[in-house]
Amino acid sequence: MAFTQFYAQTTGSNLNSGSTTSDSATLTYASGNWVASTGVFTVASGNPSSDGVAVGDFVSVYADGSTVTGFVGRVTARDTTTITVSLTAKSGTAPTDGTGNRTLKVGGAWKGCNGTEAFPFDFAAGTMTNSSNNPPHIAWKAGTYSITGALTHSPDTGAIWHEGYTTTIGDGGFAIIDGGTSGASYKLLNVTGKNTNILYFKFQNNGATGSVDGVGITGNENMFYRCVFKNLRGMGLASNAVSNVTECEFTGCNQSNTSTKGGVQLLSSGSVCLRNISHHNTGSNATGFFLDQSMLVQGCIAWANGNDGFSSVGDVNQTYLGCDAYDNGRHGFNMQTTASMCANFYNCNALKNVSGGWNFGTNAKNGFIKNCGFGSGTQANGTDVIEVNAGIRIEGKVTYTADTTPWNSPSTGDFRITSSQAKNTGTGYYLQQEGGYSGTVAYPDIGAGQHLDSGGSSSAGLMAVF
């Protein structure tokens, strides 16, 4: 996938944008030498043709004395005395005619968010594209971006990507947004716009008192991928909009031990919850996953949470595929809804949960627990299934040998499937009887971390960062 590329880093003057790591040009423009209707800057000093400015470059425009750009635009033309900047392929607000002196910077890296400064989260928009209309991508150099106040990302003018990296984009290095451990809690980042993709970020620490969530989502169509949410006063991530949360980790959340808080909360139907792990959210009220609307939950692990592993109290239709609930302080899967619910569980595990592996209220009217695994001996749940007159059908129940689990080493976060009782014993039948066809049968494992038959060790593709 091609991008329009920009960079951010933890240090340096917040003066530069572009596709290189060092300044390539600095030009000054006198008051009045800007025509807002055409995007033309007339030079006060320097020569755009010989100072490294090329058509297609992006320039960051600064008022005198400013440390944060208010306008970034793509160069569409230049000669020895002028630069023409696009008024559509841009972010921010262009200067007006007759305003004060301006400095234009080409090349370099922006300084990322710091203190109470949210830039470039609150600035970069999907309109900041090259001539091929490729979406903007901001690569954040790995390191700690220390902030002292809540940040907001609000642009919703097209897709935009924010991604941490160490040396090469795509290498999985983390950009760390750290809110500190003193004072009243506050939200590290609130995503109010849409079409934002945030990859390889770690959100940690957001104060010492109160119960404010670490990260919030109120705009639709946003994605968090391979992000870590750690040591936060309220929810790690709380979403009230359609969101995609994939391969993320939640640990040490709900440090305030507030009721109905924990690792991650998704409250909008149609959200994606895929291959996430929520663990060691240890307060007695801390639940791994709050999923209170209709959605598919696949390959997720809830481990060693103080309260429930997974919880839903909504009027919903939920399906869980290959999920694990292990060693949680109350129920593994708690479906204590006050309204009608259809809940289906296929190829899931529930072991060593203090109360129930599954707990259903009277309003859970229909659904399956099919080919799911249960512990015995020291790995047994308090009760495997608490139905309370629910209409849940259990088929293909697998009870593991006493004192064993289906995983390689769950106490160290290794949930790879190793037990022969779990390998290839999940349900996966495709009915094809009509016309004399023989049908198709698949053989998935019971659990999130599918095994590899040969050629190396398997991996669930989940992170465990403490």
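The values are calculated or read from the model by the stated rules, or taken from the named source; none is laboratory data. Everything quoted here is computed from the prediction, not taken from an experiment. Note that we place each Cβ from the backbone using ideal geometry, even for glycine, and neighbour counts take in every protein chain shown. The protein model used for the area step is the full one, side chains on, heavy atoms only, and it has no ligands, DNA or RNA in it. Shrake-Rupley method; radii C 1.70, N 1.55, O 1.52, S 1.80 Å.
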Inset, instruction - Go through the residues of segment 368-382 one by one and say whether even a single one is within 20 Å of VAL297 (Cα to Cα), of a type in the set (A, V, I, L, M) and assigned to a loop (DSSP other than H, G, I, E, B). - result: no
Inset, instruction - Could you check THR152 against (1) part of a loop (DSSP other than H, G, I, E, B); (2) modelled with pLDDT under 95; (3) open to solvent by 40 Å² or more (accessible area, probe 1.4 Å) and say which number it fails? - result: (1)
Inset, instruction - Could you list all residues from segment 433-447 that are outside any strand (DSSP E or B) and either open to solvent by 40 Å² or more (accessible area, probe 1.4 Å) or farther than 30 Å from TYR326 by Cα (or both)? - result: GLN433, GLU434, GLY435, GLY436, TYR437, SER438, GLY439, TYR443
Inset, instruction - Return only the number of the condition from (1) open to solvent by 40 Å² or more (accessible area, probe 1.4 Å); (2) farther than 26 Å from ALA364 by Cβ; (3) outside any strand (DSSP E or B) that THR425 does not satisfy. - result: (2)
Legend entry - Those residues of segment 270-309 which are farther than 17 Å from SER243 by Cβ and among the aromatic types (Phe, Trp, Tyr), in sequence order: TRP303
Legend entry - Enumeration of residues in segment 429-449 that are out of contact with any Leu (no Cβ under 7 Å at 6 or more places or on another chain), on the phi > 0 side of the Ramachandran plot and at pLDDT below 95: GLY435, GLY436
Inset, instruction - Answer with yes or no whether SER268 is at pLDDT below 95, small (Gly, Ala, Ser) and open to solvent by 10 Å² or more (accessible area, probe 1.4 Å). - result: yes
Legend entry - Residue in segment 128-136 that is touching an Asp or Glu at 6+ places or on another chain (Cβ under 9 Å) and more than 19 Å from ASN231 (Cβ to Cβ) present: no
Inset, instruction - Return the pairs, sorted by first residue and then second, in which the second residue is among the charged types (D, E, K, R) and surrounded by 19 or more Cβ atoms within 10 Å (Cβ to Cβ), the first residue lies in segment 423-451 and is without any contact (Cβ under 8 Å) to a residue 24 or more places away in the chain, the beta carbons are less than 7 Å apart, and the residues are 6+ apart or on different chains. - result: ASN424/ASP445
Inset, instruction - Taking the residues in segment 174-199 that are within 22 Å of GLN255 (Cα to Cα) and among the charged types (D, E, K, R) as candidates, determine which candidate is surrounded by the fewest Cβ atoms within 10 Å (Cβ to Cβ). - result: ASP178
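Okay, residues lined up against (1) over 19 Å from CYS300 (Cα atoms); (2) open to solvent by less than 20 Å² (accessible area, probe 1.4 Å); (3) touching a helix residue (DSSP H, G or I) at 6+ places or on another chain (Cβ under 8 Å):
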{"site": "PHE203", "(1), (2), (3)": "yes, yes, no"}
{"site": "GLY207", "(1), (2), (3)": "yes, yes, no"}
{"site": "ILE217", "(1), (2), (3)": "yes, yes, no"}
{"site": "MET223", "(1), (2), (3)": "no, no, no"}
{"site": "ARG226", "(1), (2), (3)": "no, no, no"}
{"site": "LYS230", "(1), (2), (3)": "no, no, no"}
{"site": "GLY234", "(1), (2), (3)": "yes, yes, no"}
{"site": "ALA238", "(1), (2), (3)": "no, yes, no"}
Inset, instruction - Kindly provide the set of residues from segment 298-332 that are of a type in the set (A, V, I, L, M) and buried (at least 24 other Cβ atoms within 10 Å of the Cβ), ordered by number. - result: ILE301, ALA302, ALA325
Inset, instruction - Would you mind stating whether ALA286 is modelled with pLDDT of 95 or more, touching an Asp or Glu at 6+ places or on another chain (Cβ under 8 Å) and crowded, with 19+ Cβ neighbours inside 10 Å? - result: no
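Please note which strands (runs of 3 or more DSSP E) are completely contained in segment 29-122 and include at least 2 residues that are of a type in the set (Phe, Trp, Tyr) and either open to solvent by less than 40 Å² (accessible area, probe 1.4 Å) or touching a helix residue (DSSP H, G or I) at 6+ places or on another chain (Cβ under 8 Å) (or both).
Fully inside segment 29-122 and qualifying: 58-63.
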Inset, instruction - List the number of the failed condition for GLN336; all other conditions in (1) under 21 Å from CYS273 (Cα atoms); (2) open to solvent by 50 Å² or more (accessible area, probe 1.4 Å); (3) touching a Lys or Arg at 6+ places or on another chain (Cβ under 9 Å) hold. - result: (3)
Inset, instruction - Tell me which of these TYR430 doesn't satisfy, since it passes every other one: (1) touching a Ser or Thr at 6+ places or on another chain (Cβ under 6 Å); (2) open to solvent by less than 70 Å² (accessible area, probe 1.4 Å). - result: (2)
Legend entry - Residue match in segment 402-412 (condition: open to solvent by less than 40 Å² (accessible area, probe 1.4 Å), assigned to a loop (DSSP other than H, G, I, E, B) and either within 21 Å of ASN317 (Cβ to Cβ) or in contact (Cβ under 8 Å) with a residue 60 or more places away in the chain (or both)): yes
